[in-house]
Each structure stands twice: as structure tokens, then as C-alpha cells.
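**Q** My questions will all concern the structure given below.
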Amino acid sequence: MQYFEWNLPNDGKLWTHLKEDAKHLHDIGVTSVWTPPAYKADEQQDEGYAVYDLYDLGEFDQKGTVRTKYGTRRELEEAIAALHDNGVSVYLDTVMNQKTGADFTEKFMACEVDPDDRERVIGPPVEVEGWTGYTFPGRGEQYSPFKWHWYHFSGTDQVYETGKRAIYLIQGEGKKWSEGVDGENGNYDFLIFNDVDFDHPEVIEEMKRWGVWIAGTLNADGMRLDALKHIKNTFIADFMRAVRASRGKEFYAVGEYWSGDF
């Protein structure tokens, strides 16, 4: 069961409702629940797909709030425990493709690309100032010391000085759109915000470490992997191998691959 929808109120009560509903879900035959993204977004009312800090599950004062749209970390953990007590599995919505709500701007070189053909560069390399720096001041280094900078992203649409909404391919050593993504728009690596670079070795290791951390921390039974058509396929394979090495080979995964052909 998908236990959320887009237009839920921003009242922080979903995790409490889920806890209270656990026995009822079991009684009517629900065997697994897909939860919404549980981490801190760029603002409290966001549904969770505008990811700011993957390690903040409603625990730290960041982006003007401690709780997420759905509640606090403690309430989430209580909901998961109640579901498990009633024989219901929990699948986490796992959003890895993009980040937003950066803490500061950085300057770097980038080229504008055609939004309908991202392989076609339509502007020369220029220095831009983008919202790409993340230090997570409310959390500090708890759970992870990793800080994000412009070189951890392959592209961005969050350029500061012009406010122009365009897609920029970040320039630098090894910088390119990933292979192993959908071929729509030439190459559909970029979707929105700051596009996580799954060819960067530091990013690969950090994201695998996070996957192991969140699956274990929340005692999850599986994941719903968001935006798979935009993420390098070999990374997803490595990611799931890492998570299943810690959680067991039966750890469930289902991927979202949105296509107009189906």
C-alpha cells in the first residue's frame, strides 16, 4: 500500500496516523507499506522529493524546521515498529537523483545545454555561481562527515546571478552526463535541481554508505527507488549489492521508471 499522496496537509501527523493504523492494515490484508520520503527537504511543506539532507529524518533544526512534513524521526521509528509488530513490511521511498536547498553558493565552470537534447551544448564554458554547497549546519557531522560541493554534481539548474532557469553541464575533470540512463532528451541524466554525479567516486561511496545506514537505522524491509531512468544503472546495481550485503538478499527493491510508452 502507498501510504501517502501528494496533497497531504503539512501537519506532521502522518507517522502517528500510520502507527495507529498498523493493526487495521494487517486486519484488512495489507502485507507491506510504501512510506513517503522521510528526510529533510528544502522546506517543511515539501513532499520529500526536493531533497536537502538524507541523514535528517526529522531530528535536526534545519531549513526552519525539526520535523518533516510527516513528523519526527521518533514518530517514524514508532510507526515502523508498530507495522512490524503487526506483520507488515516497510519499504522506504529512496530519492537519490537530486539535491536542493543548498547552504551557500559556489563558483564553477559550466555550459548551457539544449533542454530537448542534453548532449548538445548551446553555450561556451562560462563561470557561474550556483547553489551547490551543503554543510548541513543543523546536523554537523553526525551520522556522516560528508559535505557536498559543485564537483559532486554533473549538472544544475540553480544558477544564482541570473536567476535563469536553464540546464547547465558542469565542467571539470571527468564531468559528463552519465551513461546507463534513459535516452529521452538525448541523455536523461539531468532531471531537476542539482544532479548528483554517480560517476564521482566520493559520491558513489557516500551514497552506498547512506543506503546501508538508512536501511539499518530504520530496520527497513525494502526500498522504492525513485527516478531510476535518470540514475546510472551500474550504480543502482552496486547500491543494492551494498544494501543487501547488510540487510540480507531478500531485501526488496522496486524502481520507478516513468515512461510515456507504458
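**Q** Does the range 89-96 contain any residue that is over 30 Å from Gly183 (Cα atoms), touching a residue at least 12 places away in the same chain (Cβ under 8 Å) and touching a Leu at 6+ places or on another chain (Cβ under 7 Å)? Show your work before the answer.
**A** Let us first name the residues in the range 89-96 that are over 30 Å from Gly183 (Cα atoms), namely 89-90.
Subset that is touching a residue at least 12 places away in the same chain (Cβ under 8 Å): 89-90.
From what is left, the residues that are touching a Leu at 6+ places or on another chain (Cβ under 7 Å) are 90.
Checked the range 89-96: at least one residue is over 30 Å from Gly183 (Cα atoms), touching a residue at least 12 places away in the same chain (Cβ under 8 Å) and touching a Leu at 6+ places or on another chain (Cβ under 7 Å).
**Q** Let me ask something else about it. Among the residues of the range 103-140, write down those that are touching a residue at least 60 places away in the same chain (Cβ under 8 Å), in a strand (DSSP E or B) and aromatic (Phe, Trp, Tyr).
**A** Phe108, Trp131, Tyr134
**Q** Still on this structure: Out of the range 132-158, which residues are within 20 Å of Glu119 (Cβ to Cβ) and not charged (D, E, K, R)? Break it down stepwise before answering.
**A** At the first step, the residues of the range 132-158 found to be within 20 Å of Glu119 (Cβ to Cβ) are 153-157.
Listed by number, the residues that qualify are Phe153, Ser154, Gly155, Thr156.
**Q** Within the range 215-230, can you find the residues that are out of contact with any helix residue (DSSP H, G or I) (no Cβ under 9 Å at 6 or more places or on another chain) and either closer than 23 Å to Met1 by Cβ or assigned to a loop (DSSP other than H, G, I, E, B) (or both)? Don't jump to the end; show me each part of the working.
**A** Residues of the range 215-230 that are out of contact with any helix residue (DSSP H, G or I) (no Cβ under 9 Å at 6 or more places or on another chain), as a first pass: 224, 226-227, 229-230.
Passing the criteria: Arg224, Asp226, Ala227.
**Q** Examine the range 77-91 for a residue that is among the aromatic types (Phe, Trp, Tyr) and on the phi > 0 side of the Ramachandran plot, and state whether such a residue exists.
**A** Let us first name the residues in the range 77-91 that are among the aromatic types (Phe, Trp, Tyr), namely 91.
When the remaining residues are screened for being on the phi > 0 side of the Ramachandran plot, the result is none.
No, because not a single residue in the range 77-91 is among the aromatic types (Phe, Trp, Tyr) and on the phi > 0 side of the Ramachandran plot.
**Q** Could you list all residues from the range 243-255 that are open to solvent by 30 Å² or more (accessible area, probe 1.4 Å) and either touching a Lys or Arg at 6+ places or on another chain (Cβ under 7 Å) or assigned to a strand (DSSP E or B) (or both)?
**A** Those that are open to solvent by 30 Å² or more (accessible area, probe 1.4 Å) and either touching a Lys or Arg at 6+ places or on another chain (Cβ under 7 Å) or assigned to a strand (DSSP E or B) (or both): Tyr252, Ala253, Val254, Gly255.
**Q** Another one. Hey, among Ile236, Ile231, which residue is open to solvent by 10 Å² or more (accessible area, probe 1.4 Å) and either of a type in the set (Val, Ile, Thr) or under 22 Å from Ala82 (Cβ atoms) (or both)? Show your work before the answer.
**A** On the way: Ile231 fails: open to solvent by 10 Å² or more (accessible area, probe 1.4 Å).
Answer to the check: Ile236.
**Q** Considering only residues that are more than 19 Å from the chain's Cα centre (by Cα) and open to solvent by less than 10 Å² (accessible area, probe 1.4 Å), look in the range 127-148 and name the one that is nearest to Tyr52 (Cα to Cα).
**A** Of everything passing the filter in the range 127-148, Gly130 is nearest to Tyr52 (Cα to Cα).
**Q** Further, regarding this structure: Taking Asp221 and the conditions (1) touching a residue at least 60 places away in the same chain (Cβ under 8 Å); (2) acidic (Asp, Glu); (3) closer than 20 Å to Pro115 by Cβ, which numbered condition does it fall short on, given that it satisfies the others?
**A** (3) is the only condition that Asp221 fails.
**Q** Follow-up. If a residue has to be open to solvent by less than 60 Å² (accessible area, probe 1.4 Å) and out of contact with any Gly (no Cβ under 7 Å at 6 or more places or on another chain) to count, how many in the range 149-173 make the cut? Write out each step before concluding.
**A** Taking the range 149-173 first, the residues open to solvent by less than 60 Å² (accessible area, probe 1.4 Å) are 149, 152-159, 163, 166-172.
Right, trim to out of contact with any Gly (no Cβ under 7 Å at 6 or more places or on another chain) and you get 152-155, 157, 163, 166, 171-172.
Qualifying residue count for the region: 9.
**Q** So, Asp226, is that one open to solvent by less than 40 Å² (accessible area, probe 1.4 Å) and more than 21 Å from Val254 (Cα to Cα) or not? Lay out the reasoning, then the answer.
**A** Working: open to solvent by less than 40 Å² (accessible area, probe 1.4 Å): yes; more than 21 Å from Val254 (Cα to Cα): no.
Spelling it out, it is not the case that Asp226 is open to solvent by less than 40 Å² (accessible area, probe 1.4 Å) and more than 21 Å from Val254 (Cα to Cα).
**Q** From the residues in the range 79-102 that are of a type in the set (Val, Ile, Thr) and not in a strand (DSSP E or B), which one is farthest from Trp148 (Cα to Cα)? Can you show your working first?
**A** At the first step, the residues of the range 79-102 found to be of a type in the set (Val, Ile, Thr) are 80, 88, 90, 94-95, 100.
Next cut, not in a strand (DSSP E or B) only: 80, 88, 95, 100.
On the way: Ile80: 30, Val88: 36, Val95: 16, Thr100: 11 Å.
Ranking the qualifying residues of the range 79-102, first place goes to Val88.
**Q** Another question, if that's okay. Would you check which residues across the range 1-56 are in contact with a helix residue (DSSP H, G or I) (Cβ under 9 Å, 6 or more places away or on another chain), under 29 Å from Phe136 (Cβ atoms), open to solvent by 40 Å² or more (accessible area, probe 1.4 Å) and hydrophobic (A, V, I, L, M, F, W, C) and list them?
**A** Leu8
The values are calculated or read from the model by the stated rules, or taken from the named source; none is laboratory data. Computed from a predicted structure; not experimentally measured. Please note: Cβ atoms are built from the backbone with ideal geometry, for glycine as well, and neighbour counts cover all protein chains shown. Please note that ligands, DNA and RNA were not included when accessible areas were found on the heavy atoms of the full protein model with its side chains. Shrake-Rupley method; radii C 1.70, N 1.55, O 1.52, S 1.80 Å.
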